[in-house]
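> Pasting in a structure now, in structure tokens, and then I'll have a few things to ask.
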């Protein structure tokens with residue numbers, strides 16, 4: 001992949017829809033509810049014969065740094081720093097808003113190359129509002145419809161200059177795929193999913209393992225919505241970690257974004273080779289296991305996945321428990337047959 005493109009814009013302009021269109025599958029959760037995307041998601045994008053790394057980000061909002069929206073914006077800023085070009089997405093049907101102008105000024109200050117992408121431009125009313133986008137100072141907009149796949153030819157022309165090297169033809173791509181299939185088993189990453197109830201520390205554990213603040217964390221329950229994959233190397237063994245959304249009982253799930261999050265978590269479990277069930281470790285000598293933890297384990301076993309149980313919480317930041325705590329937790333785990 002020759003370059004990296006980051007998708008940026010205010011909430012509900014179709015960033016995740018564009019991401020799914022570029023990677024060629026429904027990788028990111030998409031819903032009409034604003035603010036569904038929170039963590040940044042990476043994938044391999046394709047437009048014609050161009051291959052590149054693409055990053056989907058949370059909707060930009062002006063907020064205090066310590067708030068959830070402020071922490072989401074910090075994640076977006078990190079993604080912008082890693083990118084070669086930013087795709088600023090606007091809603092062609094709504095026209096340019098004050099939020100678009102605000103974040104356009106922020107992108108101008110960043111010094112990164114910016115392509116202005118006017119999404120949802122499939123109707124005459126949207127085309128009539130395209131002239132407003134010139135006020136943002138990024139030149140001609142790329143009018144597309146990410147949902148219907150319209151306008152990708154122009155997007156290809158605008159992205160082509162960022163390719164660091166000419167892309168090979170389809171035959172060469174097929175040869176590369178065959179080479180990947182012939183890789184030694186030891187070089188293939190182990191797919192490991194971390195699952196559990198909301199707010200037990202799944203994202204914190206992933207950040208601790210990889211040694212950086214890659215996942216969005218905080219005291220608010222249910223921050224993670226997408227099942228996000230990150231690469232990790234453990235003693236020379238490649239591992240692909242999947243941080244998943246917290247799961248609750250089906251009777252308590254009412255909003256559609258949470259339904260989609262749970263479906264994404266179950267999909268990650270199906271494709272994982274090993275599943276870690278993270279429990280809520282208490283500071284008073286035992287690990288609290290609820291009936292829903294047992295349900296999660298049964299779902300993991302029905303999927304035919306190997307698994308392990310990990311207590312989390314307490315005062316130890318590395319999730320390690322005192323010896324008596326580990327023994328007590330192990331007794332409970334063995335008693336209900338989670339191992």
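The values are calculated or read from the model by the stated rules, or taken from the named source; none is laboratory data. Computed from a predicted model, the values in this text were never measured in an experiment. Backbone-built Cβ (ideal geometry, glycine too); neighbour counts: all protein chains shown.
> Check whether at least one residue in region 118-139 is more than 28 Å from residue 25 (Cβ to Cβ), modelled with pLDDT of 90 or more and under 24 Å from the mean Cα position of the chain (by Cα), and report yes or no.
The answer is no, given that none of the residues of region 118-139 is more than 28 Å from residue 25 (Cβ to Cβ), modelled with pLDDT of 90 or more and under 24 Å from the mean Cα position of the chain (by Cα).
> Now a separate question. If I filter region 54-96 down to residues being over 28 Å from residue 246 (Cβ atoms) and out of contact with any helix residue (DSSP H, G or I) (no Cβ under 7 Å at 6 or more places or on another chain), which single residue comes out as surrounded by the most Cβ atoms within 10 Å (Cβ to Cβ)?
87
> OK, next. Right, residue 132: closer than 16 Å to residue 89 by Cβ, touching a strand residue (DSSP E or B) at 6+ places or on another chain (Cβ under 6 Å) and either assigned by TED's automatic domain parsing to the domain that holds residue 94 or loosely packed, with under 13 Cβ neighbours inside 10 Å (or both) or not?
no
> What's the total number of residues in region 15-31 that are on the phi > 0 side of the Ramachandran plot and at pLDDT below 90?
Of the residues in region 15-31, 0 are on the phi > 0 side of the Ramachandran plot and at pLDDT below 90.
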